[in-house]
Amino acid sequence: MRVIVNKAKCQGHARCWAQAPEIFTLDDEGYIEPGDIKVAKRDELKAARGARSCPERALAIDRAATS
C-alpha cells in the first residue's frame, strides 16, 4: 500500500501525523512532506487512519501498491 500525497491541498492541520507520526513526516511549519509514502503491511491500518483524518483530503490510499 502507499499513501498518495497532494501537498498543494495540505493546510498543516497535522491530523495525519497525530494518528501515525512514524509514517507521516511534516516540515518545520507542520505541512506534509511531498512525495508518496510506501507503507509496510504492518502499518497499513495506522496509515489509513491518518489519511482519512485529513480534513482537506490531501492524502489518498492506493491499496494496489505493494510494500
So how far apart, in nm, are the two label points at Glu33 and Asp62 if each is 7 Å from Cα heading toward Cβ? 1.8 nm
First select every other residue whose beta carbon is under 11 angstrom from the beta carbon of Arg15; then total the charges, Lys and Arg +1, Asp and Glu -1. +1
Note down the net charge around Ala60, summing +1 for each Lys or Arg and -1 for each Asp or Glu among other residues with Cβ under 12 Å from its Cβ. +2
Portion, in percent, of the accessible area of region 2-62 that falls on carbon or sulfur, probe 1.4 Å: 46 percent
Tell me, what ³J(HN,Hα) does each residue in region 56-63 have, in order and in whole Hz, if you take phi through Karplus 6.51 cos²θ - 1.76 cosθ + 1.60 with θ = phi - 60° and put x for Gly and Pro? 8, 6, 7, 10, 10, 9, 10, 7
Gain in span if fully extended, Lys41 to Gln11, counting 0.36 nm per residue against the direct Cα distance: 8.0 nm
May I ask you to give the solvent-accessible area per residue for the chain, in square angstrom, as obtained with a 1.4 angstrom probe? 64 Å²
Percent RCO, i.e. relative contact order, over the chain, from Cα pairs under 8 Å lying at least 6 residues apart: 50 percent
Whole-Hz Karplus couplings 3J(HN,Hα) for region 47-55, θ = phi - 60° and coefficients 6.51, -1.76, 1.60, Gly and Pro as x, run 5, 5, 4, x, 5, 5, 6, 6, x
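The values are calculated or read from the model by the stated rules, or taken from the named source; none is laboratory data. In this text the structure is predicted, and so the values were computed from the model without any measurement. Counting neighbours? That spans all protein chains shown, and the Cβs are built from the backbone with ideal geometry, glycine included. The area values use the complete protein model at the heavy-atom level, side chains included, leaving out ligands, DNA and RNA. Shrake-Rupley method; radii C 1.70, N 1.55, O 1.52, S 1.80 Å.
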